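Colleague: Have a look at this one.
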Amino acid sequence: MMRLFHAPGSCSDGIAFLLEEIGAEYDVQIIDLKTKAQLTPEYRAQNPKGKVPALRRADGSVLTEFQAIAFWLGRAHPQTGLIGDDLEQQARMLEMLDFLVGSLHMRGFTLLKVPQKFLADPAGQAALQAHGRAEVEKGLAYLSERLGDQEFLFGRLSIVEGAVFYLLRWADQGGLPMAENLRALLARLRARPAADRALAHG
Ligand SMILES: N[C@@H](CCC(=O)N[C@@H](CS)C(=O)NCC(=O)O)C(=O)O
């Protein structure tokens, strides 16, 4: 059985969502970021980078990094239709996932939510937060434009929505400006049975 190393409320919510959409058999090991459980030798033996998500597969090997896990889940379960049918569509999905996780999350939300990770000085933290907020607002505007009047970013539900799921929840919780089509997308994702099941780990 697969095991998700998971911190509820973090980006690993997005992988839990994809696992639920797939109907995969998996269990969860909670990694409490507040107590720095990600830095213990036990967890570093699974993921030496000390981050969640990490996914231990049935063969015992551990895959890390959101985009890689999402891509692997999609490719390993093609019957779900969560991955693009051809190379071009798969590359476009990776392009979007990298924007979502590498830019919107890491360069936007991370600075906005945890500036103290980078600077102790309160004025510096406020400047980092302002930069993070601007990146998030720019990123959400781009996402809204890319979505347009489609139901999902690639027409049908895909691995990309794993990242969209956690990021739009963060945007909503943080009271950030969200266009109507992004609010509607979040509501559509939240209404899926997979969402409740993914969030039940918390
Ligand atoms: N590049 C990693 C980033 C994952 C990441 O930043 N995870 C956060 C939770 S959202 C984490 O583990 N934070 C704990 C820490 O940085 O010590 C990925 O794509 O999976």
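The values are calculated or read from the model by the stated rules, or taken from the named source; none is laboratory data. Just so we're clear, the structure is a prediction, and the values are computed from it rather than from any experiment. Every residue, glycine as well, gets a Cβ built from its backbone with ideal geometry; the counts of neighbours run over all protein chains shown. What goes into the accessible areas is simple: the full protein's heavy atoms, side chains included, and nothing from ligands, DNA or RNA. Shrake-Rupley method; radii C 1.70, N 1.55, O 1.52, S 1.80 Å.
Colleague: Since GLY60 meets every condition but one in (1) in contact with a strand residue (DSSP E or B) (Cβ under 6 Å, 6 or more places away or on another chain); (2) away from the ligand (no atom under 13 Å from the Cβ); (3) not aliphatic (A, V, I, L, M), which condition does it not meet?
Modeller: It fails just one condition, (1).
Conditions (1) more than 16 Å from the ligand (Cβ to nearest atom); (2) open to solvent by 80 Å² or more (accessible area, probe 1.4 Å); (3) in contact (Cβ under 8 Å) with a residue 12 or more places away in the chain; (4) not polar (S, T, N, Q), marked per residue:
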| position | (1), (2), (3), (4) |
| --- | --- |
| ALA91 | yes, no, no, yes |
| LEU94 | no, no, yes, yes |
| LEU119 | no, no, no, yes |
| ARG133 | yes, yes, yes, yes |
| SER144 | yes, no, yes, no |
| VAL160 | no, no, yes, yes |
| GLY175 | yes, no, no, yes |
| LEU185 | yes, no, yes, yes |
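Colleague: Of the residues THR80, THR40, THR110, THR35, which is hydroxyl-bearing (Ser, Thr, Tyr) and within 9 Å of the ligand (Cβ to nearest atom)?
Modeller: Working: THR80 fails: within 9 Å of the ligand (Cβ to nearest atom); THR40 fails: within 9 Å of the ligand (Cβ to nearest atom); THR35 fails: within 9 Å of the ligand (Cβ to nearest atom).
Within the list THR80, THR40, THR110, THR35, the selection yields THR110.
Colleague: Right, here's the next one. If you take the residues of region 103-116 that are open to solvent by less than 50 Å² (accessible area, probe 1.4 Å) and without any contact (Cβ under 8 Å) to a residue 24 or more places away in the chain, which of them is farthest from PHE66 (Cα to Cα)?
Modeller: Once the filter is applied, the top-ranked residue is PRO115.
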